[in-house]
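The values are calculated or read from the model by the stated rules, or taken from the named source; none is laboratory data. This structure is a prediction, so every number in the text was calculated from the model and none was measured. Glycine gets a Cβ as well: all are built from the backbone with ideal geometry, and neighbour counts include every protein chain shown. Just so you know, the surface numbers come from the protein's heavy atoms only, side chains and all, with ligands and any DNA or RNA stripped out. Shrake-Rupley method; radii C 1.70, N 1.55, O 1.52, S 1.80 Å.
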Amino acid sequence: MLTKDQNELLCRVEGAAPMGGIMRSHWLPVCLSEEVAEKDGAPVKARLAGEDLVVFRDSNGKLGVLDEHCPHRGASLVFGRNEACGLRCLYHGWKFDVDGNILEMASEPDGSALKGALRQKSYPVREAGGFVWAWLGPKEKLREFEPPAWAPKPGIKYAIVKMHAACNWAQVLEGSIDSAHSSSLHSTNMPTAEVDSAKAKEDKWLRPSNDKAPKLQFEPTSYGFRYAALRKPIRNPETNQYIRTTLFIAPFTVLIPPNDQYNLAQMLVPMDDVNTMFYWIAWHPDPKKGITQEAWRKFCAATVGEDIDQDHVRLWITLSTARELEALIGGLDSDVLSSTILKASANIEVVEEHGVTTEAEARPILITKPAYAVLVEAFEGVSDEHRIQLLTTYLRDHH
C-alpha cells in the first residue's frame, strides 16, 4: 500500500507537482483529430495537467493549441470565431494565429504598443494516429515526436474511443495494467469458451480460460515494464498455458493483450488532479483485420451522440442517505450505488426536492422511468426513513 505522501506524489499533476513535470516531458494527446477536422471549424476545449487549452485548425489546415483564456480580459477563446487564419476572441475582437501571435486588436488604436508586447501562449503541435498532440514542457527540452504504436506509418486502420473519467489518472491506470480483474469485472463481454486463443466477436471477446488467479511474470524495461499473466486454459490445462502479455509505456500508455482481430492500446491522460481522459484504441496492420470506428464505439457503448440512458432517470440522494442505504442493503455489493452511475443528466427537480444544492453533496441512483414514477408517487407525504426503506426495496429487487 502507498503512504499518503506517496499517493500524492503519484497522482498530483497540476502546477509544480513532480508527476505533472514528468507528463509535460512527453508529447500529450490533446484531442481527437476528428474533433478539429474542419478548417475554420469550431474551436475545441481541452485540459491537460491542469492547463486549460483551446485547439483549432485554421484556414490553411494548420493546427493551433493555445492557452484557453485571452490575455486581454481572460475570456475563453473556445467561444471565439475561427476565421481567416486566426482565432478571434468574441469579447473585444483580439485575433491570434496558431503560434499565438496577435494579428488584430480591434479594441485598440492603430499603432498600439500592446500588439508587439503581448503574445498568447502557444504549444508545439503534431498530428498522428488520429490524435492532436501537444508539448507542454519547456520548449528548450522539446523531444522528437515519435508516432504512436498503432500508427507507426500511414495507412494503418485504427478505431478510437474517448471517455472522461472523474478520477485521477493513476486510478484508471491501475485497471489498465491489471490482467487479473478482467476475469471477473469483464466476464460479461469476455466470457470463457473452448477456443484455442482470444477471439473477437461482434459483441464479445471469447477467452480460452476460466482461471481467475493468474500467475504474473514481471520484467522492467527501458520504456516502463512488461508482464505476462499465466493462466490454465480450458483445453489441455495440464500441458498448456494461456498467456496474456501487457506492456506499460511510461508514463500513460498501455498495450493491452490483443485478440485474433485487432491489437489494443489505452492512454490514461491526466486532465488535472482528479480527472482523466481515457482513450481506447483498436488497430491491426493487416487491412483484412481490425475494426471500424463505428463498430468499435458500439462495442464500447460509446457511440457519439447516442443517449444510452434515455429510458432511465438519475435520482439524486444525499450522502448521508446513501450511506444508510449501503448499510441496509446487506448482501448486495457495497458499491451497488456507485455502479449505477451512468451518463444520464441530473434530475434537478429531485435534487431540489431533497434539499441538495451541489452534486458534491449527493450521490445518484439510475432507475427506469416507470420505477421513478412509482417512487415519486410513493414518496408523497412519507418520512425520510420510509423513503430509505422504499429505495432499499427497489435496489434489492433490481440488482
Worksheet item: When only the heavy atoms of the protein chains count and the probe is 1.4 Å, how do Lys162, Lys121 rank by accessible area, highest first?
Response: Lys121, Lys162
Worksheet item: How far, in nm, would the chain grow between Ser112 and Glu174 when pulled straight, counting 0.36 nm per residue and subtracting the alpha carbon separation?
Response: 17.0 nm
Worksheet, complete the sentence: Sequence order, region 265-277: Karplus ³J(HN,Hα) from phi using 6.51 cos²θ - 1.76 cosθ + 1.60, θ = phi - 60°, Hz rounded, Gly and Pro as x, gives 9, 10, 10, 10, 9, x, 7, 6, 5, 10, 9, 9, 9
Worksheet entry | Prolate/oblate/rounded call for region 193-243, Cα gyration tensor, a/c under 1.5 rounded | oblate
Worksheet item: Taking Cα centroids, how far is region 1-50 from region 127-142 in Å?
Response: 11 Å
Worksheet item: If ligands, DNA and RNA are left out, what is the accessible area of Leu230 with a 1.4 Å probe, given in Å² to the nearest 10?
Response: 20 Å²
Worksheet item: How do Ile249, Ile243 stack up against each other in accessible area, from largest to smallest, with a 1.4 angstrom probe?
Response: Ile243, Ile249
Fill in: Accessible area of Phe299 in the full protein assembly, 1.4 Å probe (Å², nearest 10)
40 Å²
Fill in: Environment charge at Lys298 (Cβ cut-off 11 Å; Lys +1, Arg +1, Asp -1, Glu -1)
-3
Practice prompt. Scan around Lys121 for amide H atoms under 5 Å from its own, H built in the peptide plane at 1.01 Å from N, and keep only partners 5 or more places away or cross-chain.
Written response: Asp67
Worksheet entry | Sequence-distant lysines (8 or more away, or on other chains) whose Cα lies within less than 16 Å of Lys215 | Lys232
Worksheet entry | Sum of side-chain charges, Met277 neighbourhood, beta-carbon under 14 Å (Lys, Arg +1; Asp, Glu -1) | -2
Worksheet item: Phe248 accessible area, nearest 10 Å², 1.4 Å probe?
Response: 30 Å²
Worksheet item: For region 114-174, what % of the accessible area comes from carbon and sulfur atoms, probe 1.4 Å?
Response: 52 percent
Worksheet, complete the sentence: With a 28 Å threshold on alpha-carbon distance, the violating pairs from Lys62/Lys288; Lys153/Lys288; Lys45/Lys95 are Lys62/Lys288
Worksheet item: Any idea of the accessible area per residue across region 72-202, 1.4 Å probe, to the nearest Å²?
Response: 54 Å²
Fill in: Backbone HN-Hα couplings from phi across region 96-105 [Karplus 6.51/-1.76/1.60, Hz, Gly and Pro as x]
10, 8, 5, 9, x, 5, 7, 8, 9, 10
Fill in: Within-15-Å neighbourhood charge of Gly50 [Cβ basis; K, R +1; D, E -1]
-3
Discussion item. If I compute solvent accessible area with a 1.4 Å probe over the protein chains, what percent of it on region 3-70 is carbon and sulfur?
Written reply: 52 percent
Fill in: Dimensions (Å) - region 207-321, Cα atoms, principal axes, largest first
53, 38, 31
Item to complete: First compute the accessible area of region 180-312 with a 1.4 Å probe, then give the percent of it belonging to carbon and sulfur atoms.
Response: 52 percent
